[in-house]
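Where a number appears in this text, it was derived from the coordinates with a stated rule and is not lab data. Since the structure is predicted, the reported quantities are computational estimates derived from the model, not experimental observations. Don't worry about glycine lacking a Cβ; one is built from the backbone with ideal geometry, like all the others, and counts go over all protein chains shown.
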Amino acid sequence: MQHLNACPACGSSQIQFCFNSRDNSVSRQEFAIWECKDCSLRFTQDVPSQHEIGPFYQAEAYISHTDSQKGFINRVYHLVRTVTMRRKLRLIQKISGMPAGRLLDIGAGTGLFCHTMKNAGWNVTGLEPDVETRKWAKEHRGIDLLSSDSLFTLVEGADVVTLWHVLEHVHALHEYLDQIAKLLTGRGKLLIAVPNYTSFDAKNYGKNWAAYDVPRHLYHFSPAAMEKLLQHHGFRVLSFKPMWFDSFYVSMLTEKYKGKFPGVVRAICIGALSNLFALVNTKKCSSVIYIAVKKQI
């Protein structure tokens, strides 16, 4: 573990403690969340290193690494996921202007998105750090995923690069973005989806907001922080897209962590209010998709 004396995104020393948040998925430990006064990024302080963090992902309930449908929240998640796969396909076709092309998906999980895009005719490369998850994707979906380290050995360019709720997990933040910039074609599109701590549901739940997900989430982005980070790496944000279901899912998960029985009705109300604010301003959505291109020199 390393204590940071500067912002991991912009390097500013103007950082301050916000609050402690609990890991409700695995360890029950508390981790401090700090905020950068310059770029507004929040980050988890004293996180385990890349080689030490593995055990914090070892929980059946950690949905991004399992296809379990046990429990109400997991069943809802998987039902919604089917809908979101189709929406992601249509979004990529629209913003790329291509019915099919070359796609690089970083943090592919069990390969469902890669499988969806491959079936739609795309040439897909998927990266996933977990060995067992890669095996599962091969056995159940016929998708050959590469290890995450392969990102730095890839040479073929990509028309679209996607990171669906992945960038907040990446220790080598700047190295990843630099390499993505090298791989993305001149007119290529970068899509990054991350939770948004400036959303209504995040502010309502405070330190208990499930999307802080410490220590797995190393960074907690505001739209301003994401724009500044991408600009630093030669990208320009074209647009912001909402992820409407996330406000409900995160609210339900937060309510589950708060008590013995999930406050489903309360979670639905909070999620709906959060989306109502986001209707006026997409930058207030619980999770935001940032669509970016490389700045032309």
Check: Anyone know which of 210, 137, 172 comes out most mobile in the 10 Å Cα GNM of the chain?
Finding: 172
Notebook entry, point to check: Hey, what do the phi angles of segment 95-105 turn into as Karplus ³J(HN,Hα) couplings, whole Hz, using 6.51/-1.76/1.60 and θ = phi - 60°, x for Gly and Pro?
Noted result: 6, 8, x, 10, x, 7, x, 9, 10, 10, 10
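Exposure proxy check: 83, 250, 26 ranked by fewest other beta carbons within 10 Å?
So the residues, fewest neighbours to most, are 83, 26, 250.
Take peptides 182-190, 160-168 and line them up by average Cβ neighbours within 10 Å, highest first, as a rough protection proxy. Show your work: numbers first, answer last.
Details: 182-190: 17.4, 160-168: 22.9.
Output ranking for 182-190, 160-168: 160-168, 182-190.
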Next item on the list: For segment 218-297, divide the Cα radius of gyration by the Kirkwood radius and give the resulting Rg/Rh value with two decimals.
Entry: 1.11
Next item on the list: Over all alpha-carbon pairs of the chain, lay out the pair-distance distribution in 5 Å bins, whole %, shortest bin first.
Entry: 1, 5, 12, 16, 19, 19, 15, 9, 3, 1, 0, 0
Note to self: What's the ranking of 50-57, 280-287 by average number of surrounding C-beta atoms within 10 Å, highest first?
What the structure shows: 280-287, 50-57
Notebook entry, point to check: Restricting attention to the alpha-carbon atoms of segment 119-201, what are Rg (one decimal) and Dmax (integer), both in Å?
Noted result: 14.2, 41
Note to self: Which residue fluctuates most in the GNM of the chain (Cα springs below 10 Å): 215, 99, 195?
What the structure shows: 99
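Rounded to two decimals, what is the ratio between the C-alpha radius of gyration of segment 163-297 and 2.2 N^0.38 Å?
1.11
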Item checked: Top of 274, 27, 49 by mean-square fluctuation, Gaussian network on the chain, Cα under 10 Å -> 49
Margin query: Could you list 209, 136 so that the one with the fewest beta carbons within 10 Å of its beta carbon is first and the one with the most is last?
Written below: 136, 209
Check: So what is the relative contact order of the chain, in percent, for Cα pairs below 8 Å that sit 6 or more residues apart?
Finding: 18
Notebook entry, point to check: With +1 on each Lys and Arg Cβ and -1 on each Asp and Glu Cβ, how big is the dipole of the chain about its Cα centre, in debye rounded to the nearest 20?
Noted result: 1140
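Count the DSSP beta bridges whose two residues both fall in the chain, then state the antiparallel fraction as a percent rounded to the nearest 5.
60
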Next item on the list: Show which aspartates and glutamates lie in cross-link reach of residue 138 when reach means a straight Cα distance below 13 angstrom and same-chain residues fewer than eight apart are skipped.
Entry: 128, 130
